[in-house]
Amino acid sequence: MIYAITIYGEPGVFEALPKERRDEVMTGHGALQEALKARGEFVSMKLMPPTSAVMVEPAKIEGAAPLITDGPFADTKENFLGFYAADFKDLDEALEHAKMISSPIARLEVRPVSWAGGAISSE
Amino acid sequence: MSDWLEATFAQQRPRAIAALTRVFRDIDTAEEAFADACLKALTVWSKDGAPRDPLAWLLATARNAGLDQLRKSQRRAAILSRHTEEFQPMPAETPDSDEMRDDVLRLLFICCHPELDRRDQIAIALRVVVGLSVQEIASAFLVKFKTMEQRITRAKKKIANNPVAFETPSPAERGARLGEVSLMIYLMFSEGWSTSAGPTQMNLTLCEEAIRLSRLLVVLFPSMGEQAALLALLLLQHARRRARMDADGKLVTLDDQDRNLWDHANIAEATALLQKAERIGHRGPYIIQAAIAAAHARASSANETDWALIESHYAALYALQPTAVVRLNLIAAQAKLYGPHHALKATEGLADDLASYRWFHAMRGGLLQEVGDHKAAIKAFEAVLSLSPTTPERATIAEKIDISKKELGDM
């Protein structure tokens, strides 16, 4: 089963950490990437800060073009920061891997993927 | 644990202090109340874990702490006199995003108080909004702790004596505040990028904090293209920080920088921001400057720089901001396109306006070297040395003088 490990947190908090703590977080990510690489195909993405985002909102009127707006408004709560996805034997294995990147500044969600295409595929 | 929590406090600080300043109409009370709330959070969050909405928790706790302090302090009378009515009870949840954005903008605008000189505006923003310690700010400005402490105290007094309006600003007023605050952030970065004078060329603390504040403006005002462009501009410059100095501590010109040392994550983010800003449309000075910086960032080597594009951007910028410095940059781009003779002639008209601008003389010196007029080049470089350059600049210029002297000796 493919699981996605999605990371939520507040943008900017990582950057506000002292260097040793940032290194600590990065060491966890390094270890997870090594572990996933050793197992086979995986996908990982770190999103740029939400300030670089543009929103595509559904059209208000049927048949009209979708509405492009300049980004989410001031939101101080959790943001989607990035994710990993890989094929895991079971939930336990996925959780074991997620634990490697657990830190006080991020909340992780481990969720099965119902469809995936590209580098890792659920077909 | 406290490292992690302190990063969260630092992240919440601008919004929290901004909202508390509106509630208490007083920066000192807001700062003390926030400090109290953080202290409480250290105990409570370490035990129970951080709440899902740290800002709401900190605000509610700080508001109570601030009211407690006021009850006890003599400042109460003075602060209450600034209120037309009793304190409005603050809702437990975070202020809505419109209110929050005006609060943060107001706080930053308060720091841009017209009676403060530019450097004091920057210092007070670093102290109040960012939360740097007086010691950190003093080292950023290369002054003694005592000096900075006095400057900040004086600045706060001026602010308290002549407070800014707390009503929701009109759209025009909001725009004016945004312009003023953006300029302060831009100048904070510039001060860090090229210190006014002194032993070091760069003070990265100032650059990084300016980027953080600029980022905050983009979060609060996502539909303002100029603010997205300002962040893009700062990131594009900051991307070059590692390439800008050589191992001997000399300044490396853009042409000679090792582009592999540029920070490509910064450049990628800036490119995305600039595209977003250009979509929004309005072509203001920050968009144009960011577009110029992006044109440099795109070139894989100095030879591949699209100078025609850069010239057209500088021409557009000059139309918006017809200053001598912008004109000098336009001429620098033209020098690449039409050669040093043309550019030297063009700089003549700027000699009066830019007599005390060291980059003017440095650029002329370089152009004079290119055309082989080494006598005049030495004179121009000596003018740079008389205008208190930083130590790395001095080393670079001294090397150039040596080159010209050698050329003269060989003749």
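The values are calculated or read from the model by the stated rules, or taken from the named source; none is laboratory data. Quick caveat, the model's predicted, so the values are computed rather than measured. Glycine also receives a Cβ, built like all others from the backbone with ideal geometry; neighbour counts cover every protein chain displayed.
Quick rundown of the values:
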| item | result |
| --- | --- |
| Qualifying position, being closer than 18 Å to B:Gln11 by Cα, of a type in the set (Val, Ile, Thr) and either in contact with a helix residue (DSSP H, G or I) (Cβ under 9 Å, 6 or more places away or on another chain) or surrounded by 14 or more Cβ atoms within 10 Å (Cβ to Cβ) (or both), among A:Val13, A:Val54, A:Val113, A:Val43 | A:Val13 |
| Candidate set: the stretch A:7-53, residues that are hydroxyl-bearing (Ser, Thr, Tyr) and outside any helix (DSSP H, G or I); chosen: the one farthest from the other protein chains (Cβ to nearest Cβ) | A:Ser44 |
| Cβ-Cβ under 6 Å pairs, at least 6 apart or on other chains, the stretch B:93-119 side over 13 Å from B:Phe166 (Cβ atoms) and small (Gly, Ala, Ser), far side at pLDDT below 90 and in a loop (DSSP other than H, G, I, E, B) | B:Ser97/A:Phe73; B:Ser97/A:Ala74 |
| Any hit, the stretch A:68-88, residues being on the phi < 0 side of the Ramachandran plot, modelled with pLDDT of 90 or more and surrounded by fewer than 12 Cβ atoms within 10 Å (Cβ to Cβ) | no |
| Criterion: small (Gly, Ala, Ser) and either free of Cβ contacts under 8 Å to residues at least 12 places away in the same chain or touching a His at 6+ places or on another chain (Cβ under 6 Å) (or both) - qualifying residue of B:Gly66, B:Gly49 | B:Gly49 |
| Residue match in the stretch B:284-305 (condition: more than 14 Å from chain A (Cβ to nearest Cβ), without any contact (Cβ under 8 Å) to a residue 60 or more places away in the chain, under 24 Å from B:Gly365 (Cα atoms) and assigned to a loop (DSSP other than H, G, I, E, B)) | yes |
| Residues of the stretch B:224-241 classified as facing another protein chain (nearest Cβ under 10 Å) and among the charged types (D, E, K, R), total | 0 |
| Residue among A:Gly71, A:Gly82 that is within 30 Å of B:Arg13 (Cα to Cα), of a type outside the set (Ser, Thr, Tyr) and either within 13 Å of another protein chain (Cβ to nearest Cβ) or not in a strand (DSSP E or B) (or both) | A:Gly71 |
| Residue check for B:Glu393: over 24 Å from B:Ser194 (Cα atoms), touching a helix residue (DSSP H, G or I) at 6+ places or on another chain (Cβ under 9 Å) and surrounded by 14 or more Cβ atoms within 10 Å (Cβ to Cβ) | no |
| Extreme residue, farthest from the other protein chains (Cβ to nearest Cβ), among residues of the stretch B:261-283 that are outside any helix (DSSP H, G or I) and under 29 Å from B:Thr323 (Cα atoms) | B:Arg283 |
| Identity of the residue in the stretch B:284-329, within 22 Å of the chain's Cα centre (by Cα) and among the hydroxyl-bearing types (Ser, Thr, Tyr), that ends up surrounded by the fewest Cβ atoms within 10 Å (Cβ to Cβ) | B:Thr323 |
| Candidates B:Met148, B:Met188, filtered to the one that is within 30 Å of B:Gly249 (Cβ to Cβ), within 11 Å of the chain's Cα centre (by Cα) and buried (at least 20 other Cβ atoms within 10 Å of the Cβ) | B:Met188 |
| Condition check for A:Glu15: among the charged types (D, E, K, R) and under 23 Å from B:Trp4 (Cα atoms) | yes |
| Filter result for B:Arg119 (at pLDDT 90 or above and surrounded by fewer than 20 Cβ atoms within 10 Å (Cβ to Cβ)) | yes |
| Tabulated pairs, the stretch B:380-394, first in contact (Cβ under 8 Å) with a residue 40 or more places away in the chain, second surrounded by 16 or more Cβ atoms within 10 Å (Cβ to Cβ) and among the aliphatic types (A, V, I, L, M), C-beta under 6 angstrom, 6+ apart or interchain | B:Pro392/B:Leu251; B:Glu393/B:Leu251 |
| Residues within the stretch B:161-179 that are assigned to a helix (DSSP H, G or I) and surrounded by fewer than 17 Cβ atoms within 10 Å (Cβ to Cβ), tallied | 7 |
| Breaking point among (1) touching a strand residue (DSSP E or B) at 6+ places or on another chain (Cβ under 8 Å); (2) surrounded by fewer than 20 Cβ atoms within 10 Å (Cβ to Cβ), for B:Asp263 | (1) |
| Selected residue [surrounded by fewer than 18 Cβ atoms within 10 Å (Cβ to Cβ), away from chain B (no Cβ under 14 Å) and free of Cβ contacts under 8 Å to residues at least 12 places away in the same chain] from A:Gly63, A:Gly118 | A:Gly63 |
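Listed here are the residues, each with its yes/no results for (1) within 11 Å of chain A (Cβ to nearest Cβ); (2) within 19 Å of B:Ala160 (Cα to Cα).
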{"site": "B:Ile17", "(1), (2)": "no, yes"}
{"site": "B:Thr29", "(1), (2)": "no, yes"}
{"site": "B:Ala35", "(1), (2)": "no, no"}
{"site": "B:Ser46", "(1), (2)": "yes, no"}
{"site": "B:Pro51", "(1), (2)": "yes, no"}
{"site": "B:Ala56", "(1), (2)": "yes, no"}
{"site": "B:Ala60", "(1), (2)": "no, no"}
